[in-house]
1. When you scan region B:40-73, how many residues do you find that are facing chain C (nearest Cβ under 9 Å) and part of a loop (DSSP other than H, G, I, E, B)?
2. Could you list, in sequence order, the residues of region C:30-52 that are more than 7 Å from every other protein chain (Cβ to nearest Cβ) and part of a loop (DSSP other than H, G, I, E, B)?
3. Can you run down the residue pairs with Cβ atoms below 6 Å, 6 or more apart or on separate chains, where the first is in region B:95-108 and within 9 Å of chain A (Cβ to nearest Cβ) and the partner is among the basic types (Lys, Arg) and away from ligand 1 (no atom under 14 Å from the Cβ)?
4. Among the numbered criteria (1) more than 14 Å from every other protein chain (Cβ to nearest Cβ); (2) within 16 Å of ligand 1 (Cβ to nearest atom); (3) among the polar types (S, T, N, Q), which one does B:Thr134 miss?
5. Among the residues of region B:82-100 satisfying the criterion of being polar (S, T, N, Q) and surrounded by 21 or more Cβ atoms within 10 Å (Cβ to Cβ), which is nearest to the chain's Cα centre (by Cα)?
6. All but one of (1) of a type in the set (S, T, N, Q); (2) assigned to a loop (DSSP other than H, G, I, E, B); (3) more than 7 Å from chain A (Cβ to nearest Cβ) hold for C:Thr55, so report the exception by its number.
7. Go through region B:316-335 residue by residue and tally those that are among the acidic types (Asp, Glu) and surrounded by fewer than 18 Cβ atoms within 10 Å (Cβ to Cβ).
8. When you scan region B:119-135, how many residues do you find that are within 16 Å of ligand 2 (Cβ to nearest atom) and not in a loop (DSSP other than H, G, I, E, B)?
Amino acid sequence: MTDLTDSFPTTAIDIAWNVRNNIVRATEVVERHLAEIERREDDIHAFNLVLADEARERAAEIDDAVSVGRDVGPLAGVPIALKDNMCTRGIPTTCSSKILDGWRPPYDATVVTKLREAGAIVIGKTNLDEFAMGSSTENSAFGPTRNPHDTTRVPGGSSGGSAAAVAAGFAALSLGSDTGGSIRQPAALCGVVGVKPTYGAVSRYGLIAFASSLDQIGPFSTTVADASLLLESISGHDPLDSTSIRQGSLDITRQLDFGVAGLRVGRITDLPEGASSDVVERLEQAFDALRDAGAEIVDVEVPAFTYGLTAYYLIAPAEASSNLARYDGVRFGNRVEAPDTNAMYTATRTDGFGAEVKRRIMLGTYALSAGYYDAYYGRALKVRQRIADDFARAYERADVLLTPASPTVAFHLGDKTSDPMSMYLCDTYTIPSNLTGEPAMSVPFGTGDDGLPVGVQVLAPALQEAMMFRTAAVLEQRVPR
Amino acid sequence: MSDAITSEWTFRGYEMVVGLEVHVELATRTKLFSASPNRFGDEPNTNIDPVTLGLPGALPVLNRQAVELAMRLGLAVNCTVQRSTFARKNYFYPDMPKAYQISQYDEPICIDGWLDLPDGFRVGIERAHLEEDTGKSTHVGGTGGRIHGSEHSLIDFNRAGVPLVEIVSRPDIRTPEQAKAYVSELRAILVAVGASDAKMEEGSMRVDANVSVRLPGAEFGTRCEIKNVNSVRSVGRAIEYEAQRQVGMLEAGESIRQETRHWDETDGRTHTLRSKEDADDYRYFQEPDLVVVDPDPEWIERVRFSLPVLPAARRVLLAAATGQRPDAEAILVVTDRDQDAYVLAVAAAGGDASRALVHVKEAFADEGARPSVPAAALATLTRMEIDGELTATQAKQVLAELAAGGGGDARAIAAAKGFEAMDASELETMVDAAIAAQPEAWAKYCSGEGKALGALVGAVMKESRGQADGKAVTALLERRRDA
Amino acid sequence: MSDRITPEAVAKVAKLARLSLSDDELLHATHQLSDMLDHFADIDALDLDGVTPMTHPTPIANVMREDIEMDCLDRDEVLAAAPAAEDGRFRVPPIIGLDD
Ligand SMILES: [Mg+2]
Ligand SMILES: [Zn+2]
């Protein structure tokens, strides 16, 4: 989507290589992206906040460092947009919620620290569905984000702002968070690469929690290689996150060109229905492309796949109801005054949260409350285990699995806002990977109805990101025209 | 079992059934889930970090030392250390930053132990689990810092996140004395193993009591939980008041409502705080931000072997050395002051353990575990008493001098004071002189009026300038009378 | 709409979550939650006996940190970001309707 007609570098890898070798200045990289933002942001609204001054300052620092021969990191000078649910010290972090509007965290998320160390330049904080609850970025207290391919349509969600920012060329890279598909679904709808890493591969410290056992930060980019580079930069053990996996950063890029010869690619024969025909067609072409590249296509069954949605919509709201209890108007964020503390809690939360957030808090509170725990939350945890078992069995026969990322191409704004269940069904194919903690990514694979992007999802067993990326790289090379 | 502690408590035929829940702040450097200091008395809100404040995005990481201290305590009260998990207890209160407390719920770290009271009475321990403390609220305006009538409240989060162990006893306690002894003993163990300073006055040890009453042999009655019991003495008072209140209600034909009650130290009563019907629905579920704690057997054994000799065993040793019962007052007091080893050292230096015990209990209340008087000096002193070289009164004076000078030679001090074993004939001369000087008193004494003895003994003590042994004087007078 | 959840239950849940709902909102929420629970009834038929509840995606254990102090947040910065503060502390309205 970028309108850079000259040979100026656009991918993160190219930008970083040129900046590191003093061929292109970070300052110019930043100016070009800011110009693009200036040109189209009003129509798209990818950002809650554009950090123009900060980005310029940081770019100047990097240029200075380059000029004296210092190593400026693998992402030197690369503009990156952050989903506005990652804490940035002294910089407003809102979760697109009225309740946090204006709050400036006194600390940085671990990913933010890592990005700085890697030389990346944070160019803005992107819009999202409030507290990452949604699949269209329409549940934002600051208004919806629009799809750069067609501004009458949604970018997907909840990381819609981050997906749109990369698709529109506002930033070479962005980070989103994925609790039930919130990176992969908007990546598919915006025609960019989006990755949900293995749970625990990327630190959650400083990521404002939606559902702690499902949340994971991951990259958006225009190319598979860029996503690989970014994921390597942000992954690795963090002592501040108890669920962080105790190993070094993921090792992916080295294996990116290994191809898929001999790889067993699984087709899930009992996949839940609901994908539109254009999406199904692309998926079939994806299998063909991989077969042509030497992969073996195998049929597998994941019978519990279909129960993912239910397990997810009981577990995620339950955790969320607890995670969002801290927005009580006492220590940070906004407060609505009332004569006593209890009334203040209720006034603050009733005013501060949007409808979808309230709906999920109530659903989760119900699922956990006395008398219902066993029937809902407790049962959902068992279904979760069942799903994990089914995937484990499937991975005995296949190395990776392929499914649609989203059941449809981008839909119009307002299409699903009145019926929460119809919105929830957008996550049918992405949810199981969050429940199992296994990695999955969406890679653009041609277009569907109305010429809109279609994404194919590649799933892999825990910590098998390298295999997943190899598969995605092959699909990227064989995109149908 | 001694009568002192297990003596029956009944009220109009009812007995009390009591279980105690004791919260103890662990003596770590930092908080349970974050690296800000666990320190009492600092300026408000200076010991805070994103986790302590429950800021968005903050995540807990468990403090290894807190786990080890909980294990030390658990093993000291004979618990099994097991695989454990953390849960969230959800409720709104301004001093609870995240609006949930991270606590151990259905899988606590320590289970199934017991604690023996000094008299041998055994109280079962159901569990001991780790959890985080809350912040502290101060109520401004209104009267006396109470919630009711206050204009607003101020919150200090320094204490939020401080590691606590909650020790839950089984409902084995039947008397206020047992309850007090349980709390004292638990406190002594906590201090001995270094788990906590267990200062009730600073709030680092807090007691809740579950109290019910029943006719002996009947089923357990409905219980009430009493909060805010802040001293050992109050534990006894609160449960006694509460048990009597419940008996009163039953006798009046009313039934007991399960509720939480608050102990009011000033009026000596318990008051309703909330009834079970409006008890919170805590929606416990496993904390997704923390992982399982499963100490390996090697760690558990290392902790077990590093435990010191516990107060109960120390009392038995001291009792054996001094010929007393392990629950004798002097044994309890001296062990509690950590001076038991000193008494044993006096005995090892050739002194008399039982006399040393009395001296230490009475003269060394303000001294620590290592009194300023060298054990050898006190040993000499007790030997001189045994050998009749010093009377009890003289020994006290010599000891006072030794203590004041931080040691010295007992024999030299006695000599300097002119204390010598009084010659028997000298004493007889003095006794005869006293009889001659007070014929009326003598006549009364002989006719069986015991009170008259005092005047005669007093005269001898005066004549000897306090050097005579009172017991010897009495014995001589008896012999004269019976002759 | 099924009767999987009653308006009374929704009201209780809202109260627990410290959210207030108008009468209309309460009925609407009851309707929506009931609809969702109907969808989520697909797992009712599953035989889940003997299945261990999966609370965490990765089975790791014993993650602990050493008992070492680190820098604290700056009190003034934190209190400046609070809705109300006084005397170095966070200020809240009178605490009534909550337990002591
Ligand atoms: Mg309790
Ligand atoms: Zn407790």
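The values are calculated or read from the model by the stated rules, or taken from the named source; none is laboratory data. Since the structure is predicted, the reported quantities are computational estimates derived from the model, not experimental observations. We place every Cβ from the backbone using ideal geometry, glycine too, and count neighbours over all the protein chains shown.
1. 12
2. C:Asp47, C:Asp49, C:Gly50
3. Here the result reads B:Lys98/A:Arg326; B:Ala99/A:Arg326; B:Tyr100/B:Arg88, each pair linking region B:95-108 to a residue that is among the basic types (Lys, Arg) and away from ligand 1 (no atom under 14 Å from the Cβ).
4. (1)
5. B:Ser84
6. (3)
7. Applying the first criterion (among the acidic types (Asp, Glu)) to region B:316-335 yields B:327, B:329.
Of the ones still in play, those that are also surrounded by fewer than 18 Cβ atoms within 10 Å (Cβ to Cβ) are B:329.
Qualifying residue count, region B:316-335: 1.
8. Number satisfying all stated conditions: 8.
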